1. If SER100 satisfies every condition in (1) under 31 Å from the mean Cα position of the chain (by Cα); (2) exposed (fewer than 10 other Cβ atoms within 10 Å of the Cβ); (3) polar (S, T, N, Q); (4) over 22 Å from MET1 (Cβ atoms) but one, which is the exception?
2. Scan the strands (runs of 3 or more DSSP E) fully inside segment 1-115 and keep the ones with 1 or more residues being out of contact with any Ser or Thr (no Cβ under 9 Å at 6 or more places or on another chain) and at pLDDT 85 or above.
Amino acid sequence: MFISWQQKAVEHTITKYSHAQQSASVVTRRQNRHGMNTHVVKIANRECSCGKWNQFGIPCSHAQKVCGAYNISDASMVKDYYDLMAYNNTYSKYFEPVQSEDYWDDPNFQLVHDPTIRTVTRPGRNQTTRIHNEMDWRQTRARQEAQQQQLDSSIQ
């Protein structure tokens, strides 16, 4: 991911920048119907308006372009959890197996059910909050038609 974004960074252009805030606006190159987007990169905060740097912990192509303009090593801006030492520390401990429940100590507390906490629900199936679209309608219709065909074939 880092290398592919590094290759894309060559095609970007920095339009505005602030040395004091270590920030810049980066415009992507137009390709087919995509591109010509402007992203704001703030090196000091390690963030880009595209959100990839924050999501993956790896500087996106826009951030790598700005790092190059400020003579900052873009590899040094990668999150610490990608470091080999951090990876080894994560898996250096041993995982103890868990015994059967028969060997567990009895808890010294009693679980009490509080019926006032439970929300009142209507009988039947819970209603979904997702907005259905044409794709759902087609699947439902196809399922209903298949069930009808099975019913018709069983009657004959």
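1. Going through the list (1) under 31 Å from the mean Cα position of the chain (by Cα); (2) exposed (fewer than 10 other Cβ atoms within 10 Å of the Cβ); (3) polar (S, T, N, Q); (4) over 22 Å from MET1 (Cβ atoms), SER100 breaks only (1).
2. Values: elements: 13-18, 23-27, 38-42.
Counting at least 1 such residues, we get 23-27.
The values are calculated or read from the model by the stated rules, or taken from the named source; none is laboratory data. Given the structure is predicted, the values throughout are model-derived calculations rather than measurements. Every residue, glycine as well, gets a Cβ built from its backbone with ideal geometry; the counts of neighbours run over all protein chains shown.
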